[in-house]
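Okay, so here's the structure we're looking at.
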Amino acid sequence: MAYIKKIKFTSLGGMVKRLSLSLFFFALLLTSLNVQAQEAIAISKLVSDEEGISARDISKINETIIISDTLVGWDHSWVSGLNGAQAAYSNWSGGGVNTISVTGSTVFNALYREGKYAYGFSTNLKYGKARIAEQGTRKTDDRIAVNNKFSYRFDEQWNAFANINFSTQFDQGFDYNVADDEDPILISEFFAPAYFTQIVGIGFVPTNYFTAEAGLAMKETFVVNDSLSTRYGLDTGDNFRFEPGYAFALGFEKEVVTNLKLISSVETFTNLRRHVDRTDVAFSNELIGKINDFLNMSFQFVAIYDEDFSRKAQIKQVLSAGVSVNIL
């Protein structure tokens, strides 16, 4: 039987905050749809740029896992989401291209602490497609990431840690910046590239939402498709490269205001065999707003510099609205 649940506000101030937050997210939603509509052609350019969507995100070295000092035993979380946007035009004087885009994602975390010892495991899977009028369907997002972190706290704010991480993608990626009579150029696929990294070092955790880590690192790059070897800094025909180096990472994850969380990180890897100015850098930010138990909006900005792939910075920014479900 259907029923109506009475909503109780503790104060007028609380009601104003909720109303303001709702208006804020509604404005973001309108902006998101407008961005998708006005930049449909830009989506096509995004997946056809020389840098390519495939190299974004998957070359990140060390996705920071923050394990709270107050945790006792296990803590599990599993969130899956579906975000998208759509725009359609008919005899529209301002012009525009019909487009629809959908991205699915799932993130699983398992954190454990027993006294001074802690372990963190996380997976981040994401895949997105966009259908653009007269240009077909193209990939807009693609990521497989698996991260493990072991740590031992020897002080209230200092710990020793070891990370083992892996990242690649699901699907093929193409360069569409070719002549109309030419086929798009394959620039990536599953395990081309793929990255394994191992890091051992010291971490500084002054609060339960911020961490700084530095240590010695090893990075292995796999490119199983010989034709793509040189695109990712390997010699012609090679499928594997080993790089010793050192890594540095800063991580921040906190609810900055009610129902609005900021997740931010800076990660670097410097190959000991190269000059320091060829350091790989990944700067990632995501602002996640919770409208209710199911609806959310997010803004993501990622900047990556990896000279093996390109001497220009790789940039991604996504504004989206969608549904998220807490499975655990």
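The values are calculated or read from the model by the stated rules, or taken from the named source; none is laboratory data. Computed from a predicted model, the values in this text were never measured in an experiment. Virtual Cβ from ideal backbone geometry, glycine too; neighbours counted across all protein chains shown.
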Tell me, which residue of the stretch 225-277 that is touching a strand residue (DSSP E or B) at 6+ places or on another chain (Cβ under 6 Å) and part of a loop (DSSP other than H, G, I, E, B) is surrounded by the fewest Cβ atoms within 10 Å (Cβ to Cβ)?
Leu272
For Ser167, indicate whether it is part of a strand (DSSP E or B) and touching a helix residue (DSSP H, G or I) at 6+ places or on another chain (Cβ under 7 Å).
no
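Condition check ((1) in a strand (DSSP E or B); (2) charged (D, E, K, R); (3) in contact with a strand residue (DSSP E or B) (Cβ under 6 Å, 6 or more places away or on another chain); (4) surrounded by 14 or more Cβ atoms within 10 Å (Cβ to Cβ)) across all residues:
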position: Leu287; (1), (2), (3), (4): yes, no, yes, yes
position: Asn292; (1), (2), (3), (4): no, no, no, no
position: Asn296; (1), (2), (3), (4): yes, no, yes, yes
position: Gln300; (1), (2), (3), (4): yes, no, yes, yes
position: Ala303; (1), (2), (3), (4): yes, no, yes, yes
position: Phe309; (1), (2), (3), (4): no, no, no, yes
position: Lys312; (1), (2), (3), (4): no, yes, no, no
position: Val318; (1), (2), (3), (4): yes, no, yes, yes
position: Ser324; (1), (2), (3), (4): yes, no, yes, yes
For the stretch 144-157, which positions are surrounded by fewer than 19 Cβ atoms within 10 Å (Cβ to Cβ) and either modelled with pLDDT under 95 or among the basic types (Lys, Arg) (or both)?
Phe154, Asp155, Glu156, Gln157
Among the candidates Trp78, Trp92, single out the residue that is of a type in the set (Phe, Trp, Tyr), surrounded by fewer than 16 Cβ atoms within 10 Å (Cβ to Cβ) and free of Cβ contacts under 8 Å to residues at least 12 places away in the same chain.
Trp92
Quick check on this structure: which one of Asn124, Asn148, Asn165, Asn177 is more than 26 Å from Ser229 (Cα to Cα) and either in contact (Cβ under 8 Å) with a residue 24 or more places away in the chain or not polar (S, T, N, Q) (or both)?
Asn148
Failed condition for Arg241, given (1) within 27 Å of Arg153 (Cα to Cα); (2) free of Cβ contacts under 8 Å to residues at least 60 places away in the same chain
(1)
Give the number of residues within the stretch 158-206 that are surrounded by fewer than 21 Cβ atoms within 10 Å (Cβ to Cβ) and either more than 26 Å from Ser105 (Cα to Cα) or among the polar types (S, T, N, Q) (or both).
19
Does any residue of the stretch 42-54 turn out to be at pLDDT below 80, aliphatic (A, V, I, L, M), more than 19 Å from the chain's Cα centre (by Cα) and closer than 27 Å to Gln172 by Cα?
yes
